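Here's the structure, in structure tokens; my notes come after.
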Amino acid sequence: FALACVTSSISLYSPPAAAQTSPERTFQREDLDEAAVRLEGQIKTDAGQVTKPAAQLRREMEEAFKKNDFRLGLQLLGQIVTVAPEDGASWLRLARSVSQIRPANDRERTLLLERAATAGYIAYERTEIAAEQGEALQIIGRSFAERRVWRPALDALRLSLDLREAADIRSLYERLRD
């Protein structure tokens, strides 16, 4: 993967203690359910036997991203979601990171967009924090929009706006509707 575009400013979101919990999830896609199972299996296979605890892996991941070692950072994120698969924040970090990779060609672009959407969908399903769900839906919506799959893009973006209004997402949503 061409990792040149991922920046060290990517950080794991830590919501305040009084973070708003999410309402019932209304975005459901069978194709993403199936892709989530496949992606999780692939990540577990790629990660192999993980012996370090999640907290140590997170510290190492942060250090890797600070040093602009994005390949190692993504590898560590894979290990984190392997040992802590229910941690929606880690899946969201993975989705964010993958969506910022600059692809080498069209095939890789499609693969990265699909992976970002799938990791975002897993984050959306596993987090209880409304702001994280909103961000996950934004990643999903942008991914579908970039692949010109309009209905799911609009659905995801609309739901993300229901959770959290954002001017750039509102603008994208309105452009796609026209």
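The values are calculated or read from the model by the stated rules, or taken from the named source; none is laboratory data. This is a predicted model, so every value here is computed, not measured. As a convention, Cβ positions derive from the backbone with ideal geometry for all residues, glycine included, and neighbour counts pool all protein chains shown. Keep in mind that these areas ignore ligands, DNA and RNA; they rest on the heavy atoms of the full protein, side chains included. Shrake-Rupley method; radii C 1.70, N 1.55, O 1.52, S 1.80 Å.
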- Message: Filter segment 95-107 down to the residues that are assigned to a helix (DSSP H, G or I), of a type outside the set (Lys, Arg), modelled with pLDDT of 95 or more and open to solvent by 40 Å² or more (accessible area, probe 1.4 Å) and list them by number.
- Response: Asp106
- Item | Tabulated pairs, segment 50-63, first under 10 Å from Val83 (Cα atoms), second in a loop (DSSP other than H, G, I, E, B) and of a type in the set (Val, Ile, Thr), C-beta under 8 angstrom, 6+ apart or interchain | Leu57/Val50
- Task: Filter segment 35-44 for residues that are farther than 15 Å from Leu111 by Cα and open to solvent by 60 Å² or more (accessible area, probe 1.4 Å) and give the result.
- Result: Val37, Lys44
- Query: Here are some conditions: (1) farther than 18 Å from Ile43 by Cα; (2) more than 11 Å from the chain's Cα centre (by Cα); (3) open to solvent by 10 Å² or more (accessible area, probe 1.4 Å); (4) modelled with pLDDT of 95 or more. Leu157 meets all but one. Which one does it not meet?
  - Reply: (3)
- Message: Pull out all pairs, ordered by first then second residue, where Cβ-Cβ is under 8 Å, the residues are six or more apart or on different chains, the first lies in segment 100-122 and is β-branched (Val, Ile, Thr), and the second is at pLDDT below 95 and assigned to a helix (DSSP H, G or I).
- Response: Ile101/Phe70
- Message: Residue pairs, Cβ under 6 Å, 6 or more apart or interchain, first in segment 69-84 and hydrophobic (A, V, I, L, M, F, W, C), second at pLDDT 95 or above and outside any helix (DSSP H, G or I). List them.
- Response: Val83/Val50
- Query: Between residues in segment 163-178 that are hydrophobic (A, V, I, L, M, F, W, C) and residues that are open to solvent by 60 Å² or more (accessible area, probe 1.4 Å) and modelled with pLDDT of 95 or more, which pairs lie under 8 Å by C-beta distance while being six or more apart or on different chains?
  - Reply: Leu172/Arg142; Leu176/Trp150
- Query: So which of Gly88, Gly78, Gly73 ends up being out of contact with any Gly (no Cβ under 9 Å at 6 or more places or on another chain), surrounded by 17 or more Cβ atoms within 10 Å (Cβ to Cβ) and modelled with pLDDT under 95?
  - Reply: Gly73
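So that you can scan it fast, the table gives a plain yes or no per residue for (1) in contact with a Ser or Thr (Cβ under 7 Å, 6 or more places away or on another chain); (2) of a type in the set (A, V, I, L, M); (3) surrounded by 24 or more Cβ atoms within 10 Å (Cβ to Cβ); (4) in a helix (DSSP H, G or I):
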{"position": "Thr82", "(1), (2), (3), (4)": "no, no, no, yes"}
{"position": "Arg93", "(1), (2), (3), (4)": "no, no, yes, yes"}
{"position": "Arg109", "(1), (2), (3), (4)": "no, no, no, yes"}
{"position": "Tyr121", "(1), (2), (3), (4)": "no, no, yes, yes"}
{"position": "Glu125", "(1), (2), (3), (4)": "no, no, no, yes"}
{"position": "Ala131", "(1), (2), (3), (4)": "no, yes, no, yes"}
{"position": "Ile140", "(1), (2), (3), (4)": "no, yes, yes, yes"}
